[in-house]
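Working notes, beginning with the structure itself.
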Amino acid sequence: MVNPQLRTRRLSAAPVRVFGAVALVLLLGLAACSNTSSRALIGSTTTIEETTTTTAPEKIPALQPQPGFVIPDTRGATIRPVVGKAKAVAIPVKGGTSSVSGTVTGPDGPVGGATVRIERFVGLDSGFIMVGADGAGRFAASGLIGGRYRVRAWLQPTLATIDSPTGFVADGANLAVKISVERHDSVTLQVASTVGAMSVDAAAGVSALITQQSVDANGIVQDAPIPGVSLQLVGSAGLTIDQPNPGVSNAAGRVTWTVTCTAVGSYAVSVSSTTPPAGASATLPACTATPPPPPPTTTTTTNGTTTTTKPTGNRR
């Protein structure tokens with residue numbers, strides 16, 4: 001006979017087993033879903049790629065040499081090094097206790113109103129100041145730094161120093177100098193042939209230049225052209241001179257004539273001016289015989305063919 005209590009325990013154990021099985025299935029399902037979700041998330045990861053775009057520069061067309069140009073061979077060329085030049089340093093003149101003084105005299109005595117340049121040297125560099133001479137040609141500059149000095153003077157338009165006095169002045173001392181200026185107003189007249197060779201009955205050229213010395217604003221003597229001067233050209237016998245003669249100098253101080261030699265030989269020319277008085281002469285290139293003209297050519301056309309014949313002279 002079966003025990004009723006024992007049956008009851010068996011009947012109560014079955015639902016437990018069923019519940020355990022269901023729970024296992026649910027767990028397995030959740031695990032599967034979890035794996036699938038993980039794979040889905042991993043598979044859905046977005047990859048960002050960076051792209052760089054480079055634009056090629058515009059092509060510059062190559063330079064083409066001119067027809068007939070030959071590229072030189074520079075393989076043996078020597079490139080000289082570039083030597084740097086130090087920047088000039090301003091040399092001070094004022095700011096000390098020294099002084100420079102003196103007088104300016106010229107061909108006619110003291111030069112009142114002359115410009116005096118007092119220049120202080122340190123090595124090859126220099127600085128300067130400018131002072132003016134009084135009516136008696138005296139000048140003075142104080143409050144200078146001691147050192148080596150050069151002093152020169154001028155009075156435009158004709159007086160200037162050629163040999164400038166120099167000297168050394170110590171701190172607190174005075175350098176006394178005497179400056180002499182010379183007159184620079186001489187007139188120079190030059191004449192020359194404009195050709196290297198002359199032949200009989202062939203036109204040639206003769207040019208003259210008239211200049212006068214003057215002193216510029218920096219005390220430098222310059223040769224300046226003299227415009228508007230009447231210049232007369234005279235040639236040796238057998239040389240013809242085209243008109244106008246005399247000619248008048250242009251803004252560059254020049255006059256040019258056309259001359260012709262009439263026979264083989266040597267010729268000379270001279271040119272002169274009255275105001276200002278000046279003169280010059282020159283020997284022209286030797287005049288040679290006129291070369292004979294080239295022999296004529298003969299052109300013959302026959303049946304559309306053109307033949308050109310050049311004479312070769314008499315044959316023996």
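The values are calculated or read from the model by the stated rules, or taken from the named source; none is laboratory data. It should be emphasised that the depicted structure is a prediction, and the values quoted were computed from it without experimental measurement. Here the Cβ positions follow ideal geometry from the backbone for every residue, glycine too, while neighbour counts run over all protein chains shown.
So the values come out like this:
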item	result
Sole residue being touching a strand residue (DSSP E or B) at 6+ places or on another chain (Cβ under 7 Å), modelled with pLDDT of 95 or more and closer than 30 Å to Arg152 by Cβ, chosen from Ile241, Ile226	Ile226
Condition broken by Gln243, with the remaining ones in (1) at negative phi; (2) in contact with a Ser or Thr (Cβ under 6 Å, 6 or more places away or on another chain); (3) assigned to a loop (DSSP other than H, G, I, E, B) satisfied	(2)
Some residue of the range 93-111 being closer than 30 Å to Gln212 by Cβ, surrounded by 14 or more Cβ atoms within 10 Å (Cβ to Cβ), free of Cβ contacts under 8 Å to residues at least 24 places away in the same chain and of a type in the set (D, E, K, R)	no
Meets criteria (surrounded by fewer than 17 Cβ atoms within 10 Å (Cβ to Cβ) and on the phi < 0 side of the Ramachandran plot) for Gly135	yes
Residue in the range 113-125 that is surrounded by 10 or more Cβ atoms within 10 Å (Cβ to Cβ) and not in a strand (DSSP E or B) present	yes
Selection status of Gly127, assigned by TED's automatic domain parsing to the domain that holds Val151 and in contact with a Ser or Thr (Cβ under 8 Å, 6 or more places away or on another chain)	no
Condition check for Gln222: part of a strand (DSSP E or B) and over 15 Å from Ser281 (Cα atoms)	yes
Thr275 being of a type in the set (Ser, Thr, Tyr), modelled with pLDDT of 95 or more and out of contact with any Lys or Arg (no Cβ under 6 Å at 6 or more places or on another chain)	no
Complete set of residues in the range 200-243 that are surrounded by fewer than 19 Cβ atoms within 10 Å (Cβ to Cβ) and under 16 Å from Val269 (Cα atoms)	Ala203, Gly205, Ser207, Gln232, Val234, Ser236, Ala237, Gly238, Thr240, Ile241, Asp242, Gln243
Number of positions in the range 154-203 that are in a strand (DSSP E or B) and either touching a Leu at 6+ places or on another chain (Cβ under 8 Å) or under 30 Å from Gln232 (Cβ atoms) (or both)	15
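Residue-wise test of (1) over 30 Å from Gly228 (Cα atoms); (2) surrounded by fewer than 16 Cβ atoms within 10 Å (Cβ to Cβ); (3) modelled with pLDDT of 95 or more.
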| position | (1), (2), (3) |
| --- | --- |
| Gly167 | yes, yes, yes |
| Asn174 | yes, yes, yes |
| Val181 | no, no, yes |
| Thr188 | no, yes, yes |
| Ser193 | no, no, yes |
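Conditions tested, residue by residue: (1) at pLDDT 55 or above; (2) in contact with a Ser or Thr (Cβ under 9 Å, 6 or more places away or on another chain); (3) part of a loop (DSSP other than H, G, I, E, B); (4) under 30 Å from Leu144 (Cα atoms).
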| residue | (1), (2), (3), (4) |
| --- | --- |
| Leu30 | no, no, no, no |
| Asn35 | no, no, no, no |
| Glu49 | no, no, yes, no |
| Thr54 | yes, no, yes, no |
| Glu58 | yes, no, yes, no |
| Gln66 | yes, no, yes, no |
| Pro81 | yes, no, yes, no |
| Lys87 | yes, no, yes, yes |
| Ser99 | yes, yes, no, yes |
